[in-house]
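Notes for the one structure printed next.
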Amino acid sequence: MPAVGYRKLTNSADVLLAKVEETYTTSFPEAERRSIPLFRELLDKEPKFNVYALLTKDKYIGFIAEWIFDAFVYVEHFAIDETVRNEGFGAAALQQFITQVTYPVVLEVELPTDELSRRRIGFYERLGFIPNNHAYQQPPYNKGDSWLPMRLMTYGRIDLGKNFDDIKDCLYKEVYKVDDGNK
């Protein structure tokens, strides 16, 4: 497995941020990401939000954006730069990440409606993530956009059957800044 290092970006002036933003905007559709100004504002002002540049031999290869909560870590975005995809860096980076965090990990995935979404879910399952079948809607990042049907996946000791509503409510309130327990 390839070696992957992490470098925490401490603010929006970090020289690696331009590469992270490029990967962010090319890897996620607009409906599944926040604006760059808001991304930068969170990096500068939100202590629960962290962004890590992924490196191999000091070369940028991707990023992980996380939120740290009392009972779990939420991976909001994870992407490998398109120039090095399918070389094992994604599995190596995420495997290293989940072994270093002290909390269970939660992330969102698209519904398995096409080959790419099924492959993405399979990638997480091979790393030990467990899919959850509770109906879950990702709140919109952009005003006027629709809620997106998604599923949560977890890694570690967390019971989504028992804690789903608490986790969902935390994500809605802290990450998406909405308070809609009915979605």
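Scoring D70 on the criteria (1) within 20 Å of E110 (Cβ to Cβ); (2) in a loop (DSSP other than H, G, I, E, B) leaves a single failure, condition (1). Among the helices (runs of 4 or more DSSP H) confined to segment 81-183, there are none with at least 3 residues that are more than 27 Å from K57 (Cβ to Cβ), modelled with pLDDT under 95 and among the β-branched types (V, I, T).
All of (1) small (G, A, S); (2) surrounded by 12 or more Cβ atoms within 10 Å (Cβ to Cβ); (3) over 16 Å from the mean Cα position of the chain (by Cα) hold for G161 with one exception: (2). Of all the listed residues (I130, I121), the sole one being among the β-branched types (V, I, T) and either within 14 Å of the chain's Cα centre (by Cα) or surrounded by 21 or more Cβ atoms within 10 Å (Cβ to Cβ) (or both) is I121. Here segment 1-45 is the region considered, the condition is being more than 16 Å from the chain's Cα centre (by Cα) and among the small types (G, A, S), and the residue that is modelled with the lowest pLDDT is A3.
Selection of first residues in segment 68-88 that are in contact (Cβ under 8 Å) with a residue 40 or more places away in the chain and of second residues that are surrounded by 19 or more Cβ atoms within 10 Å (Cβ to Cβ) and of a type in the set (S, T, N, Q), restricted to Cβ pairs under 7 Å at least 6 apart or on distinct chains, gives the following pairs, ordered by first then second residue: A79/T23; D81/T23.
Is it the case that L55 is within 21 Å of F164 (Cβ to Cβ), touching a Lys or Arg at 6+ places or on another chain (Cβ under 8 Å) and either of a type in the set (A, V, I, L, M, F, W, C) or in contact (Cβ under 8 Å) with a residue 60 or more places away in the chain (or both)?
no
Tell me which residues, restricted to segment 73-93, are farther than 19 Å from V109 by Cα and of a type in the set (V, I, T). Once the filter is applied, which keeps residues that are farther than 19 Å from V109 by Cα and of a type in the set (V, I, T), segment 73-93 yields T83, V84.
Screening M153 with (1) within 24 Å of A53 (Cβ to Cβ); (2) touching a His at 6+ places or on another chain (Cβ under 8 Å); (3) not β-branched (V, I, T) gives one miss only, at (2). If you go through segment 6-35 and keep only what is surrounded by 14 or more Cβ atoms within 10 Å (Cβ to Cβ) and either among the hydrophobic types (A, V, I, L, M, F, W, C) or assigned to a loop (DSSP other than H, G, I, E, B) (or both), you end up with L9, S12, D14, L16, L17, V20, F28, R33, R34. Within segment 46-61, the set of residues being over 12 Å from the mean Cα position of the chain (by Cα), part of a strand (DSSP E or B) and modelled with pLDDT of 95 or more comprises A53, L54, L55, Y60, I61.
The values are calculated or read from the model by the stated rules, or taken from the named source; none is laboratory data. Small disclaimer: the values here were computed from a predicted structure and weren't measured. As a convention, Cβ positions derive from the backbone with ideal geometry for all residues, glycine included, and neighbour counts pool all protein chains shown.
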